[in-house]
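Just so it is clear, none of the values below were taken in a lab; they were calculated from the coordinates. Predicted model, so just to flag it, every value in this text is computed and none were measured. Virtual Cβ from ideal backbone geometry, glycine too; neighbours counted across all protein chains shown.
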Amino acid sequence: MTGSDALCVELLIEEGIFVRRLVRHSELYKEKGIDLLLFVFPLLAIIEHDAIVYINRKWGCAIDPEDQKITNIRHYRKFLDGKISYQDVQERILGTLIDSENCFNGNRIRRCLGWSTPDVGIMFYQGKAVGSTFSILNSSCGALSLLETARDDGGARTLGIEMGKAASFLVSFADVCRPEDPESVVSFFDITANDYRFELIFERFASEMTTDRVVYCFLADLMMSINLINSLYHGEILDDLLFIKFITINMHHIFRAISGLESEVRTSSNGEAYSDNFKKHLSEIIERSDKKKLASIRPLRNAFMHYDFEKILGNEESENARLELILDRALNACLGVDLHGYLNWIYSLSEETAQRIANLLAFPAYNPQKNVF
């Protein structure tokens, strides 16, 4: 087996284990709050779109490709990198803000009394924002409705079934290669939530930076995607290689997305006004030296995304080499660093990036006194 194949097989195993843990988590903790699966649809879409293509190509299988809804979710992560325009992003986000508000419109008593009614929910894991009503709706590309999800039917169920078709093969693959330990119990991924009025969390940003709501939600979505991946790793839902895959793909995407946003802000072609202060802070979210490194990891991002490390490693046999050593070679080829150095850099960068975005947005901190669940 070549080094490239060894990495791909390990990825498939860890992806199957990831799905297996998500299923076990839903079974064990279904009465404890919001379903973790709602948060990870974009990650599952990344896995399923290319894993099935790789398996069919490599082993001559004939597994059906994923549903178009899943493809749309995967491709939407390419916003502002030349594939999806700002106008498309704007239309999607403004629509999901309305959908998020509709989720809260059932409280007629509060409205009749003139009390402020929440219209967004923000979900936290150990104090870090990992999702929101608008980000879940946005990343699902219209494939689900939170109103239907609350009734346990409609879009969420349909999307779950479609996700499950491809994911079931990965779980079966993991079951054969790395059977589940009957003594092992998936840890509870304890998500809590605070509800807010969007205008109240947006007002400081609007007064100091820009009144463009789309930019606020766009940057918040990027921040929460970082926090979610890091939290899934800390919560022992992700194993090592799959964590490296997700953080690599996500940070490269965030670099491209912020670069695209900077270009949009410079031209202001959408008619919005952006303060000089905002432009300065936006350009400083990722430092120039880190931008160069993130640009250089594109071959590694592509290898992880498309299960193809041959362009980096060639066809050299692995000779039972440890996966860490094979990954060392790949990282040295791309960045001239070993695995330890790469992980230290990209993890620290991800945490710094999420914090800088939170500071720029004046994003609300978790308040245990406001817990919804």
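Give the residue list of GluC sites (Glu not before Pro) in segment 234-316 that are DSSP loop and have at most 15 other beta-carbon atoms within 10 angstrom.
Details: sites: Glu236, Glu262, Glu264, Glu272, Glu284, Glu287, Glu310, Glu316; in loops: Glu236, Glu272, Glu284, Glu287, Glu316.
Loop-located and lightly packed - Glu236, Glu284, Glu287, Glu316.
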What residues qualify as long-range amide H neighbours of Tyr274, i.e. H under 5 Å apart, gap of 5 or more or another chain, H built at 1.01 Å from N?
none
Where a Cα-Cα gap under 14 Å defines reach, which aspartates and glutamates qualify for Lys311, not counting those fewer than 8 residues away within the same chain?
Asp5
Give the cross-link partners of Lys293 among the aspartates and glutamates, using a straight C-alpha distance below 20 Å as the criterion and excluding same-chain residues fewer than 8 apart.
Asp81, Glu262, Glu284, Asp328, Asp338, Glu351, Glu352
In whole Hz, what ³J(HN,Hα) sequence does segment 285-291 give by Karplus (6.51, -1.76, 1.60; θ = phi - 60°), x for Gly and Pro?
4, 10, 5, 4, 5, 6, 4
Residue-wise, which Karplus ³J(HN,Hα) couplings in Hz belong to segment 11-20, taking 6.51 cos²θ - 1.76 cosθ + 1.60, θ = phi - 60°, and x for glycine or proline?
4, 4, 5, 5, 5, x, 5, 4, 5, 4
In this structure, among Lys245/Lys279; Lys58/Lys291; Lys128/Lys370, pairs with alpha-carbon gaps over 26 Å are Lys245/Lys279; Lys58/Lys291
Skipping prolines and chain starts, which residues have an amide H placed within reach, meaning under 5 Å, of the one on Ala193, given they are 5 or more residues away or on another chain?
Phe124, Val372, Phe373
